[in-house]
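What follows is a short report on a single structure.
The values are calculated or read from the model by the stated rules, or taken from the named source; none is laboratory data. Computed from a predicted structure; not experimentally measured. Backbone-built Cβ (ideal geometry, glycine too); neighbour counts: all protein chains shown.
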Amino acid sequence: MKTTGTSQISFFTICLILIFSTSIIPTHLALADVPSVNDISTEINVSPIDSSQIIFSVRHNGATINHYIAQIELEIDGNVIELTPLPPDDQITNRVIEYNFTIQATQFNTLRVRARCIIHGWSSWTQLNNRLYKLYVEPVEGFGSTDPVPASYVYNQVVTVPVIATPATGWSFSHWELDGEVVGDENPFTVTMSRSHRIKAVFTGSSPPPQVNYTLTVEPVEGSGTTDPAAGSYVYHSTVNVPITATPETGGEFDHWELDGEGVSKNPYTVTMDKDHTIKAVFIESQQISIYTLTVESPSGTGLTDPDIGSYIHYQGDHVLVTATPDPGWGFDHWEFDSVDVGADNPLTITIDGNHSIKAVFIQEETDSGTGIPSFPVISLIIGIYLYYLYIRKNKYSLDLSCGC
């Protein structure tokens, strides 16, 4: 029992007040900033040396001389190869860095990459699936031609490619050689591009074909540009493949060839002299597309943006998505687009029609104890406790420091 006219404050109650008061002190938690890997391409080459050219990029925010990517690992079917990242100075300058490596392998099932930040550790593994396969159509053995003509052709997915062999007069088609192995005399032959391949047509005959010549007529160009060879008539042997190149003048661009009245878009192009041909280059005026810069400024407050801080090049009409992510204890308030408040849409889509700047504005969140008691400044709490202490002392009330249990 307590004496009449006295009041008590338990020690337990004071502890609760002090615990609740900490909710108004902002807490900043560090976000784990591990690198991220982006798959660009893996170009698989089977000639002249079996190799694969692997291109990927690594993005790492906030690199410093003491905070950088220290290690990159490439895993091929379970075998790990350690790659050398760029020096920290280069990582500070470029937040997104493209890496280009060549390995002596062309057949593998699993290809993946990860990167390690010296502070935050390893990223997750990223599968590299964007593979570019090449078909090398080799020069024929004997006398004849192929369609497509001897050259290198790139495919970014598994497709089937028909190849046709046409013997010269007095010669016959014998067989195909695929990756150095005889695969029969089926003609046309279909190559499945599940990997890179080399293919060669083999013709047989007793003597060289008779000297048959054909004329290639290069007509004057349509539009503004030149061709190599220039306009004129040229006589070639029937076994010859003639390369021709179109070069536009300033302000123009190459559109297509007209080969015997049919449109062909490839440039340079190779004409197979299996008969007389007429070819003309068609040029058009360039469709000028303006290039502008979007500058992502350092945010106001504490948080991250995607894209990160920096300047980015875009074409007119591009649509760019920007996202703001506040740090713990902070909230996203609005965007400033060219220093003008444009609201709080998040993410925000920007249509590129000129040079622009964008800045995210974060504000510190008001905290709450979670008990329905509103937060208030620490100084107010201290003053309140001190005044209550003076009141107790003046009226000689007791202060119970028990836990109330």
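Quick notes on this one:
- Identity of the residue in the stretch 242-279, hydroxyl-bearing (Ser, Thr, Tyr) and assigned to a loop (DSSP other than H, G, I, E, B), that ends up farthest from the chain's Cα centre (by Cα): Thr250
- Qualifying residue in the stretch 289-304 (condition: farther than 30 Å from Asn61 by Cα and surrounded by fewer than 14 Cβ atoms within 10 Å (Cβ to Cβ)): yes
Yes/no per residue for (1) touching a residue at least 60 places away in the same chain (Cβ under 8 Å); (2) within 25 Å of the chain's Cα centre (by Cα); (3) assigned to a strand (DSSP E or B):
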{"residue": "Phe283", "(1), (2), (3)": "yes, no, yes"}
{"residue": "Tyr292", "(1), (2), (3)": "yes, yes, yes"}
{"residue": "Ile313", "(1), (2), (3)": "no, yes, yes"}
{"residue": "Phe332", "(1), (2), (3)": "no, no, yes"}
{"residue": "Glu336", "(1), (2), (3)": "no, no, yes"}
{"residue": "Asp345", "(1), (2), (3)": "no, no, no"}
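- So Tyr99, is it in contact with a helix residue (DSSP H, G or I) (Cβ under 8 Å, 6 or more places away or on another chain), surrounded by 13 or more Cβ atoms within 10 Å (Cβ to Cβ) and modelled with pLDDT of 75 or more: no
- Here Thr302 meets the list (1) out of contact with any strand residue (DSSP E or B) (no Cβ under 9 Å at 6 or more places or on another chain); (2) within 30 Å of Leu348 (Cα to Cα) almost entirely, failing just condition (1).
- Subset of the stretch 299-311 that is within 26 Å of the chain's Cα centre (by Cα) and in a loop (DSSP other than H, G, I, E, B) - its residue that is farthest from Ser36 (Cα to Cα): Pro299
- Positions within the stretch 57-112 being of a type in the set (Phe, Trp, Tyr) and not in a strand (DSSP E or B), in sequence order: Tyr68, Phe108
- Residue within the stretch 167-184 that is touching a Pro at 6+ places or on another chain (Cβ under 7 Å) and in the same structural domain as Ile76 (by TED's automatic domain parsing) present: no
- Of all residues assigned to the stretch 128-147, at least one qualifies as being acidic (Asp, Glu), assigned to a loop (DSSP other than H, G, I, E, B) and either modelled with pLDDT of 85 or more or within 24 Å of Arg198 (Cβ to Cβ) (or both).
- All positions within the stretch 102-119 that are within 11 Å of Ala70 (Cα to Cα) and surrounded by 15 or more Cβ atoms within 10 Å (Cβ to Cβ): Ala115, Arg116, Cys117, Ile119
- Only one of Ile352, Ile363, Ile358, Ile373 that is modelled with pLDDT under 90 and either of a type outside the set (Phe, Trp, Tyr) or surrounded by 11 or more Cβ atoms within 10 Å (Cβ to Cβ) (or both): Ile373
- All strands (runs of 3 or more DSSP E) inside the stretch 165-241 with 2 or more residues being of a type in the set (S, T, N, Q), free of Cβ contacts under 8 Å to residues at least 40 places away in the same chain and closer than 27 Å to Asp276 by Cα: 172-178
- Qualifying position, being surrounded by fewer than 15 Cβ atoms within 10 Å (Cβ to Cβ) and either more than 30 Å from Thr110 (Cα to Cα) or in the same structural domain as His60 (by TED's automatic domain parsing) (or both), among Gly232, Gly252: Gly232
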